[in-house]
Amino acid sequence: MRLLDFFRRPPPSAQVAKERLRIIVAQERSARGGPDYLPLLRRELLEVIRKYVNVDPEAVHIHFDHAEGHEMLELSVALPDK
Amino acid sequence: MAEIIVVTSGKGGVGKTTTSASIACGLARRGKRVAVIDFDIGLRNLDLIMGCERRVVYDFVNVIQGECTLKQALIRDKRLESLYVLAASQTRDKEALTPEGVRRVLDELAADGFDFILCDSPAGIEKGAHLAMYFADRAIVVVNPEVSSVRDSDRILGLLASKTRRAENGNGGVREHLLLTRYSPRRVATGEMMSVADVKEILGLDVVGVIPESTDVLTASNAGTPVILNDESIVSHAYQDAVARLLGDTVPLRFIEEVRKGFFSRLFGG
Ligand SMILES: Nc1ncnc2c1ncn2[C@@H]1O[C@H](COP(=O)(O)OP(=O)(O)OP(=O)(O)O)[C@@H](O)[C@H]1O
Ligand SMILES: [Mg+2]
């Protein structure tokens, strides 16, 4: 068994964990300090968009920024390939 | 000037109480006057890990509600004379802990000449966790190299940056430190566990300690002797290094590399 293990390396699941965390942490950080309605806004936007195109929840990105006295809401939707 | 340090994590069971007990002992061993407070109202545990459970007469909530003096409630450690424990109450009434009450206790400890006040936070992001961090000058964020623990600790970082006295007063914010625990260099080497570098990169924090996974922690809690006091254990050395870093020493990380076995012992599973 040990000899077999030696040749059959397990998949680097730690790498997968790191990638997933990098994305979710960045997303949660960008919502932080923003208005409380962001998650609801995101949900409702997704519903409206889905009336026209079938997009994944992952495809809707909301980014909130406050810089020099003004606040900005950035919204991007990645449309599926035809 | 007393420094208030919160030991927090978001996720439960990651090693906050183990860490609070060992860091408190470590600081006391380095000659500091230390008080360690259990904020886990309803689920008293620090007393067991510290080995003083049978000496608890009054607790944190008794002090806040004026049922005893702070001096009566502080339990002096039998091993280290500059170390005191304030036990959590076992009341189920979480409202017993008030911001004003907590502030009074912390102020009184500071006035009494304590160098460090450690606050062992309960899990979660509710009231107890909030009060444990609110007055802190520094935070030790305890993390396991595992997705849910890392994500929860990032939420805690968000709270430290907004829902604390230092954040509200705008005087520099809380100083944050990452303490990675239950670390297994072997599993990191095989790619099954995220490395110190991975977690550090995601959270963007300075690393105050990396504590290996070890059965010595269970042995220590069975005995009621904080693991840092077992000088035979590498866990003790890892915690001692963390204490040194907290005190400003520059100490390289240890115990993060796999101890390589020889070819034959690997082949035959020795
Ligand atoms: N380095 C370690 N190696 C092995 N086991 C550990 C290590 N650190 C902590 N543990 C174990 O993990 C468990 C949880 O530890 P601890 O009580 O300190 O966590 P906690 O964060 O305070 O939990 P809670 O959120 O419930 O307050 C305990 O059984 C403890 O023995
Ligand atoms: Mg605990």
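No value in this document is a laboratory result; all are computed from the given coordinates. On a predicted model such as this, the values are computed, not experimentally measured, just so you know. Glycine gets a Cβ as well: all are built from the backbone with ideal geometry, and neighbour counts include every protein chain shown.
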*Debye sum, Cα scatterers, segment B:130-249, no solvent: what log₁₀ I/I(0) at q = 0.11, 0.13, 0.22 1/Å?*
-0.42, -0.58, -1.26
_Place a point 7 Å from the Cα of A:Arg29 along the Cα-to-Cβ direction; which residues of segment B:128-172 have their backbone N under 15 Å from it?_
B:150-162
*Could you grab the relative contact order for chain B? Cα pairs under 8 Å, six or more apart, rounded to a whole percent.*
23 percent
_Can you say what percent of the DSSP beta bridges in the protein assembly as shown, counting only those with both residues inside, are antiparallel? Round to 5._
25 percent
*Classify chain A: rounded, prolate or oblate, from the alpha-carbon gyration tensor (a ≥ b ≥ c, eigenvalue square roots; a/c under 1.5 rounded; otherwise prolate if a/b is larger than b/c)?*
oblate
*At B:Ala161 and B:Ala189, where each label point lies 7 Å from the Cα along Cα→Cβ, what is the point-to-point distance in nanometres?*
3.6 nm
*asked:* Could you tell me how far the Cα centroid of segment A:35-82 sits from the Cα centroid of segment B:75-133, in Å?
replied: 42 Å
*Can you list residues whose amide H is under 5 Å from B:Ile211's amide H, if they're 5+ apart or on another chain and H is modeled 1.01 Å from N?*
B:Leu180, B:Thr181, B:Arg182, B:Tyr183
*Find, among the trypsin sites (Lys or Arg not before Pro) in segment B:34-142, those assigned to loop by DSSP (not H, G, I, E, B) with at most 12 other beta-carbon atoms within 10 angstrom.*
B:Lys78, B:Arg92
*Simple spin-label model, 7 Å along Cα-to-Cβ: B:Glu53 to B:Arg30 in nm?*
3.0 nm
_For a test of the definition: using alpha carbon positions, the gyration tensor, and the 1.5 limit on a/c, classify segment B:44-103 as rounded, prolate or oblate._
prolate
*Would you please give the FRET efficiency between B:Asn222 and B:Lys94, computed as 1/(1 + (r/R0)^6) with r the Cβ-Cβ distance and R0 = 45 Å, to the nearest 0.05?*
0.95
*Provide the FRET efficiency to the nearest 0.05 for the B:Asn169-A:Tyr37 pair, computing r from the beta carbons and using R0 = 35 Å.*
0.80
*Pull up the cross-link candidates among the lysines for B:Lys163, meaning alpha carbon to alpha carbon under 21 Å and not fewer than 8 places away within one chain.*
B:Lys11, B:Lys16, B:Lys94, B:Lys127
*Once you mark the GluC sites (Glu not before Pro) that are in a DSSP loop and have at most 11 other Cβ atoms within 10 Å, what is the longest gap between them in chain B?*
B:127-231
*Find, among the GluC sites (Glu not before Pro) in segment A:13-60, those assigned to loop by DSSP (not H, G, I, E, B) with at most 13 other beta-carbon atoms within 10 angstrom.*
none
*Where does helix A:13-31 land angle-wise versus the long Cα axis of chain A, in degrees 0 to 90, nearest 10?*
10 degrees
*Given a Förster distance of 25 angstrom, what is the FRET efficiency for B:Glu81 paired with B:Ala111, based on the Cβ-Cβ distance and rounded to 0.05?*
0.80
*Quantify how much of the Cα-Cα distance distribution of segment A:31-73 extends past 15 Å, in percent.*
47 percent
*Find the centroid of the Cα atoms in segment B:203-244 and in segment B:44-71, then give the distance between the two in whole Å.*
24 Å
